[in-house]
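Values in this text are rule-based calculations from the coordinates and carry no lab data. Since we're looking at a predicted model, the values are computed, not measured. Note that we place each Cβ from the backbone using ideal geometry, even for glycine, and neighbour counts take in every protein chain shown.
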Amino acid sequence: MLNTLRLHYFLRGCVSMKDKKTLFHYHLMLSPGILMLFVFSIIPMLGIVMAFQNVIPGKKIWKQEWIGWDNFAFMLQIPDIKQVVLNTVLIASMKIAAGIIIPVVFALLLHEVQVRWFKRTVQTIVYLPHFMSWVILAGIMVNILSLDGIVNQIAGLFGMEPVMFLASNTWFRHIVVWSDVWKEFGFGTIVYLAALTGINPSLYEAAEIDGASRLKKLQYITLPGIMPTIILLTTLSLGNVLNAGFDQIFNLYNPLVYSSGDIIDTYVYRLGLVQMQYGLATAVGLLKSVVAILLIAISYRLAYKFANYRIF
Amino acid sequence: MVRSRTLTSQLADGIILLVLVIIALTSLYPLWYTIALSFSDQAAANAGQVTIWPSGFNLTSYRIILDDEKFFRAFGVSIKRVLIGGALNFLLTVIMAYPLSRSAKQFPGRNIYMWLLVFCMLFSGGLIPLYITITTLGMQNTIWSLVLPGAVPIFNVILIMNFFRSLPKELDEAAVVDGAGPWYSLLRIYIPLSVPAMATVTLFSIVGHWNSFFDGLIYMSKPQNYPLQTYIQQLVVNITPDLMKEMTTEQLIELMKASNKTLNAAKLMVAMIPILLIYPFLQRYFVHGIVLGSVKE
């Protein structure tokens, strides 16, 4: 009896020693990544103090003059800032709306197709632009939309005057939104196609026996079937209201279309890295980050409430 | 009754097919137009004669690229970046996802790490503080400024962590009873079981590295250190008078021979080739990868 007890304590000692060793290895595995995050995420976060300083480039950060909220007060007085925020929200909202409606409709159309090879070919083609960079796609857009490009050629057939699309404030936002649709709609359908294949086929069989038409089946089975996915992605996209797409706009815009196409991110870039106004640019960026994180928190909360979604 | 229903149904099928074909062709056309442009004669391209087929077929643009040292240097920087950056992303994803996939009971402290990761994913100091950090560390004009700041792909870590959690616990328990340590069970049990998931996130990080241009633009002050996308961004999107001043007369004549338009189209095509090469693999895995995101308990 005593021996058994002794053995029991001996084994427990072994296990806890082994546990400690295991824990050490867990920490060891995490350490390189945490170091990277510390240097390239946490330390830059400390640089946020620049938002409250009058930063003179070249001087050490702790020697800069503290000016409290002056950068934020000054920011609100910049005449362009209202337009920049408006452009950002407008472009981002248009992209969000188009980015939900078009993939849903496309997935529904694709779902109706029974021919396997046809479906796969169409998918292969429409997913492709997603993997290209905006540098490449903007280069292509510039070719297509130039004065002697294909769009103006076709418009010319109908007797229209050539338009410089990328220099036109009436066209620029449309170009941004529709070229984003071109790049992303195919990829956006994947989630909906997955949801569509998840619908129980016996529902369709039952509907068939009851003599339901295709439209009725769409209305009463298919749409309700993918509704949770639509709701989930809509709520999650709320977090993107301030993300109008830096890479895309940076590669498509020019000074002529600043009034319709300049967004917060491009503005911060020019303010900070071109005009070297570090303090002011950091302040604008910080304000955007804070609002964005609030939006993301709200969207995740909503997603959890309506769709029972958690990231981990 | 039944017959008429099948008739309208067939008509509907036909319309759907037609709409899909039109959409697919529209979304392919811009790429096709660029191919046609890249093989066209400069005069024809400038006169707007290119529509579907190359007009005045020739290979001048591609020949100029073959002689363009700057292009190949930029291509080399991109390849280097993809190799180093992709390997780093893969390594860090795997070794971070494994300990994080343990429960908080098995690994006290796990939740602290987890919150740190999520905090870093959602919040950032912004462009300027990061820029100043990198320059203070003296990383400009080195490959490290392109691969280290994004070395931890937090989203991928969470994806793979969720995937590890979905694997049967009994496998790991059995290994522990047999005396396997954490490295052994990661290498011999978890990694072999999650090859498709790993392939997905690695392919995505390769595409991400190949496609990014902005870090190259702000951290590289010398054009010879530009990765390919930055090089193209500078040429195609911003043709500045400064750039034209830098060129020799010979280069300018050559440029006029192949017209910017066709040459740029050819450069865009060459920059697309690596993506097109891995596209079949991507396609095999990414549907799986997206569904992966929803793997949870």
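What do you get for Rg/Rh of the stretch B:1-144 when both radii come from the Cα atoms and Rh is the Kirkwood radius? Display every interim value, and only then the final one.
Details: Rg = 27.2 Å, Rh = 22.4 Å.
Using Cα coordinates only, the ratio equals 1.22.
Can you list which of the trypsin sites (Lys or Arg not before Pro) found in the stretch A:53-149 are DSSP loop residues with at most 15 other C-beta atoms within 10 Å?
Of the trypsin sites (Lys or Arg not before Pro), the ones in loops of the stretch A:53-149 whose Cβ has at most 15 other Cβ atoms within 10 Å are A:Lys59, A:Lys60.
Just to be sure I understand the model, the point goes 7 Å from the Cα along the line to the Cβ. What's the resulting A:Leu294 to A:Ile231 distance in nm?
That separation, rounded to one decimal, is 2.6 nm.
Please report the relative contact order for chain A, taking Cα pairs under 8 Å with a sequence separation of at least 6, and give it as a percent rounded to a whole number.
Value for chain A: 26 percent.
Considering only DSSP states other than H, G, I, E and B, which chymotrypsin sites (Phe, Trp or Tyr not before Pro) in the stretch A:109-180 qualify as loop sites with at most 12 other Cβ atoms within 10 Å?
In loop regions of the stretch A:109-180 (DSSP not H, G, I, E or B), the sparsely surrounded chymotrypsin sites (Phe, Trp or Tyr not before Pro) are A:Phe158.
On average, how much area does the Cα convex hull of the protein assembly as shown cover when viewed from any direction, in nm²?
With the hull built on Cα positions only, its mean projection is 36.3 nm².
Of the trypsin sites (Lys or Arg not before Pro) in the stretch A:250-305, which ones lie in a loop per DSSP and count no more than 14 other C-beta atoms within 10 Å?
Working: sites: A:Arg270, A:Lys288, A:Arg301, A:Lys305; in loops: none.
Those that pass, being in a loop and sparsely packed, number zero.
Note down the relative contact order for the stretch A:165-312 as a percent, whole number, built from C-alpha pairs under 8 angstrom at least six residues apart.
31
Identify all lysines with a Cα-Cα distance to B:Lys261 below 21 Å; exclude those on the same chain that are fewer than 8 residues away in sequence.
B:Lys70, B:Lys245
What ranking do A:Phe38, B:Phe163 get, fewest neighbouring Cβ atoms within 10 angstrom at the top?
In increasing order of surrounding Cβ atoms, one gets A:Phe38, B:Phe163.
With label points built 7 Å along Cα→Cβ from the Cα atoms of A:Leu90 and A:Arg214, find their separation and express it in nm.
According to this spin-label approximation, the distance is 4.0 nm.
Out of every Cα pair in chain B, what percent are spaced more than 25 Å from each other?
Percent of Cα pairs beyond 25 Å in chain B: 63.
In whole angstrom, how long is each semi-axis of the equivalent ellipsoid of the stretch A:29-157, when you take the square root of 5 times every eigenvalue of its Cα gyration tensor and sort them from largest down?
Semi-axes from the Cα gyration tensor: 45, 26, 17 Å.
For chain B, list the DSSP H helices whose alpha carbon atoms reach 30 Å or more along the long axis and whose average Kyte-Doolittle value is -1.0 or above?
TM-like helix candidates: B:2-38, B:69-100, B:260-292.
Rounded, prolate or oblate: which one fits chain A, using the alpha carbon gyration tensor with axes a ≥ b ≥ c (rounded when a/c is under 1.5, else prolate when a/b beats b/c, else oblate)? Before the final figure, lay out each step's value.
On the way: a/c = 2.35, a/b = 1.08, b/c = 2.18.
Because a/c hits 1.5 or more and a/b fails to exceed b/c, chain A counts as oblate.
For the stretch B:82-178, count the residues as N, evaluate 2.2 N^0.38 Å, and divide the Cα radius of gyration by that value, please.
Working: Rg = 16.6 Å, N = 97, 2.2 N^0.38 = 12.5 Å.
The reported ratio for this selection is 1.32.
Once both labels are modelled 7 Å past Cα along the beta-carbon direction, what's the B:Ala87-A:Val151 spacing in nm?
Once both label points are built, they end up 4.3 nm from each other.
For A:Trp62, B:Trp183, what ranking results if the residue with the fewest other Cβ atoms within 10 Å of its Cβ goes first?
The most exposed by this proxy come first: A:Trp62, B:Trp183.
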